[in-house]
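The values are calculated or read from the model by the stated rules, or taken from the named source; none is laboratory data. Bear in mind that the values here come from a model prediction, so they are computed numbers and not experimental data. All Cβ positions, even for glycine, are placed from backbone atoms using ideal geometry, and neighbour counts span all protein chains on display. Remember, those area values only see protein heavy atoms, side chains included, never the ligands or the DNA or RNA. Shrake-Rupley method; radii C 1.70, N 1.55, O 1.52, S 1.80 Å.
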Amino acid sequence: MGGAGGARAEGGGVREVLRVPLGEGVDLGGIDPRAIPVGPADKAAGLAATAELGGRLAALQERLYAASTAGDRRRLLLVLQGMDTSGKGGTVKHVIGLFNPSGCRIQAFKAPTPGELGHPFLWRVRKALPQPGEIGIFDRSHYEDVLIARVRELVPRSQLGRRYAQINRFEESLAADGVTIVKVFLHISYEEQRKRLLERLDNPDKHWKFNAGDIEERGAWPAYRTAYELALERCAGEAAPWFIVPADRKWYRNWAISKLLLEHLEAIDPQYPRGDFDVEECRRQLLAT
C-alpha cells in the first residue's frame, strides 16, 4: 500500500494509494494505523473535505438508482472488516449518512444462527446483496468465515483453505453481474483499541457497546492479524481488490472511505435514463389542465 510510512502521497487516486497490491504478501505490522498516506493533512481539513463530498456522493447515488429503472443492473457493495472498535459502525453512521437511506441496504452480520449454519457459508450473504441501483453495506461479511473461523478453529483447516477460492469465485461472479465491490480493512492499532474500549467503560451511556469478551479477544490479536493478512493476500483480485484504510484517526477513516466510494461511483458513471414520452406534448397537456 502506497504511503504506508505516513507521508502523504501526491497525485493518483485514493484507490491506487490504499489498494492492496495483487500477488504480494501483506504485512500489517509495516503499515502505520495513524498514517495519512493521501488526502487532507489534519482533522479540520479532513472534516471540511468529507462534508464537501456529500453532495457529489448523493448525486451519483441518485443517478445509479435512476439508471436501474431503465434496466441498468449495476450496484455497489461496500464490505467493512476490521477488529472490534475499528469503526465499522462509525463508518455506517458518518459516511453512509451522506447517502439517501432509501437507496442503501445495510447488513450487519452477527454470529450465524443454527438455521444459517445448516447452509453453505455464503448462503446468508447472497440473501443480503444489494439490488440493481442500490448501495449495499456489509458491517462484517463472509470474511468472518476465514477470520474468526481460523482463529477459533471453528472448521477444519482443509475446509478453511477451500473457502478463499470460494470467496474469490463468488466475488468474481458478482462483478460479472454488475456489482462494484469495495472491500475495506479498517486498520487500527492495539493501543487505539484499548483506548476505545476504555472510553466505553468510562461512559455509562456506552456500556451497551461494551462486551467483556472483547478483552479475551485482544489476547488473540496476533492470530487475528495473521488471519487478516492471509485474507487480504489471498482474496485481493482484479474483480474485488482490498483497500487498507488507516483507522486510528476517525476523521481520516471517514474521509478515505467517502473518497473511495466517490471514485468507484464516478468510474461506474451512471446516467439518467431518457424519457420515453414527448416532453413538449406533455407540457402542453399539463398547461391545459
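Key figures
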{"quantity": "Filter result (closer than 20 Å to ARG34 by Cα and surrounded by fewer than 19 Cβ atoms within 10 Å (Cβ to Cβ)) within the range 168-191", "calculated": "SER189, TYR190, GLU191"}
{"quantity": "Candidate set from the range 149-164 (those that are touching an Asp or Glu at 6+ places or on another chain (Cβ under 9 Å) and hydrophobic (A, V, I, L, M, F, W, C)); member that is least open to solvent (accessible area, probe 1.4 Å)", "calculated": "LEU160"}
{"quantity": "Subset of the range 154-204 that is in contact with a His (Cβ under 7 Å, 6 or more places away or on another chain) and outside any helix (DSSP H, G or I) - its residue that is nearest to PHE243 (Cα to Cα)", "calculated": "VAL182"}
